[in-house]
1. Considering (1) touching a residue at least 60 places away in the same chain (Cβ under 8 Å); (2) within 14 Å of another protein chain (Cβ to nearest Cβ); (3) surrounded by fewer than 18 Cβ atoms within 10 Å (Cβ to Cβ), say which one A:LEU23 fails and leave the rest.
2. Please tell me if A:ALA28 is touching a helix residue (DSSP H, G or I) at 6+ places or on another chain (Cβ under 7 Å), without any contact (Cβ under 8 Å) to a residue 12 or more places away in the chain and either aromatic (Phe, Trp, Tyr) or surrounded by fewer than 15 Cβ atoms within 10 Å (Cβ to Cβ) (or both).
3. Which of the residues belonging to the stretch A:144-188 are of a type in the set (Asp, Glu) and within 13 Å of chain B (Cβ to nearest Cβ)?
4. Is it the case that A:SER38 is modelled with pLDDT of 95 or more, more than 14 Å from chain B (Cβ to nearest Cβ) and buried (at least 23 other Cβ atoms within 10 Å of the Cβ)?
5. Take the residues in the stretch A:116-141 that are among the hydroxyl-bearing types (Ser, Thr, Tyr) and out of contact with any helix residue (DSSP H, G or I) (no Cβ under 7 Å at 6 or more places or on another chain); name whichever of them is surrounded by the most Cβ atoms within 10 Å (Cβ to Cβ).
6. Could you give me the residue pairs with C-beta distances under 8 Å whose first residue belongs to the stretch A:170-182 and is farther than 17 Å from A:ILE109 by Cα, whose second residue is of a type in the set (Ser, Thr, Tyr) wherever it lies, and which are 6+ apart or on separate chains?
7. Which condition breaks for A:PRO68 when tested against (1) buried (at least 24 other Cβ atoms within 10 Å of the Cβ); (2) in contact with a Lys or Arg (Cβ under 8 Å, 6 or more places away or on another chain)?
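The values are calculated or read from the model by the stated rules, or taken from the named source; none is laboratory data. Please read these numbers as outputs of a predicted model, since none were measured by experiment. Cβ: placed from backbone, ideal geometry, glycine included. Neighbour counts: every protein chain shown.
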Amino acid sequence: MNSAVIVFPGSNCDRDLAEALALVSGRAPAMVWHKESSLPGNLDLIAVPGGFSYGDYLRSGAMAALSPVMAAVRQAAARGVMVLGICNGFQVLTEARLLPGALMRNAGISFVCRDVALRVENSQSAFTARYDAGEEIVLPVAHHDGNYQADAATLDRLEGEGRVALRYADAVNGSARNIAGILNEAGNVLGMMPHPERAVEAAHGLTDGRRLFEGLLETIGQPA
Amino acid sequence: MKIRVYVTLKAGVLDPQGKAIHHALEGLGFAGLRDVRAGKLIELDAEDGVDDGQVEEMCRRLLANTVIENYRIERMEGAA
């Protein structure tokens, strides 16, 4: 599995994500600076990490979505390359319109930083292939703007098409319908607020994130 | 020319910051507020050739996220 991690000024989960990808796939990802206008060839996965790109100026993810590299990410996504956006990466993907909806300030105003229970709603995607449908997992969250909002028609469509991949078991940040992670229409782009890369080995205390990367490896690692 | 762009949350979208400000104002003893909504003011110092269409485009592509926000453009005629 060939992967790349996009690095923006203000990204701070890029190294954790690279470590997780290297641990699971045995191959270190390419670290791609946001000013690049192209991506390495033969990529299977593009990962957009958490952090505070551009200091969250204007709106979280808004400036990063306009970075030169995002045009290449958009093209790769259209070709079917897997794209995983975590936390700020999810915000960047919504601002880049690769995913519908928007992530607003948490309903309770406070930054939320704790482990949360999640339900895997769709276990058919490449990202969730190693989970069981309806399974409850625990991953850490750490965000200020994780309150997912979209209009009712969009939410209904996401639900109807099985594109709500992950849902908070209990309200965490005010997200509509407790949505924690969504897929694009083609199923090759996932945005999620929880941090799977912070839960991949025993030393992390939690390991439920590991199967997300293993599922990707399993799906991608065996070319059709 | 100075152009002001006001970005506000759409009606019906919960505004956590506005709500917190509302509570804080009540805490200060100010009564009679039904609701408080917070938004952004962005001031553009534009050359005369910048037309309304271009400012609209700026709003749609960057200044506002039209999924959750509305924008209003105000030209400050005569302002230096």
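1. Going through the list (1) touching a residue at least 60 places away in the same chain (Cβ under 8 Å); (2) within 14 Å of another protein chain (Cβ to nearest Cβ); (3) surrounded by fewer than 18 Cβ atoms within 10 Å (Cβ to Cβ), A:LEU23 breaks only (2).
2. Values: touching a helix residue (DSSP H, G or I) at 6+ places or on another chain (Cβ under 7 Å): yes; without any contact (Cβ under 8 Å) to a residue 12 or more places away in the chain: yes; either aromatic (Phe, Trp, Tyr) or surrounded by fewer than 15 Cβ atoms within 10 Å (Cβ to Cβ) (or both): yes.
Yes, satisfied.
3. Listed by number, the residues that qualify are A:ASP145, A:ASP151.
4. Judged against the criteria, A:SER38 is not a match.
5. Ranking the qualifying residues of the stretch A:116-141, first place goes to A:SER125.
6. From the stretch A:170-182, the pairs are A:ILE179/A:TYR148; A:ILE179/A:TYR168; A:ALA180/A:TYR148; A:ALA180/A:TYR168; A:ILE182/A:TYR148.
7. (1)
Here's the yes/no breakdown for (1) away from chain A (no Cβ under 12 Å); (2) surrounded by 13 or more Cβ atoms within 10 Å (Cβ to Cβ):
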position	(1), (2)
B:VAL5	no, yes
B:LYS10	no, yes
B:ALA20	no, yes
B:GLY49	yes, no
B:ARG60	no, no
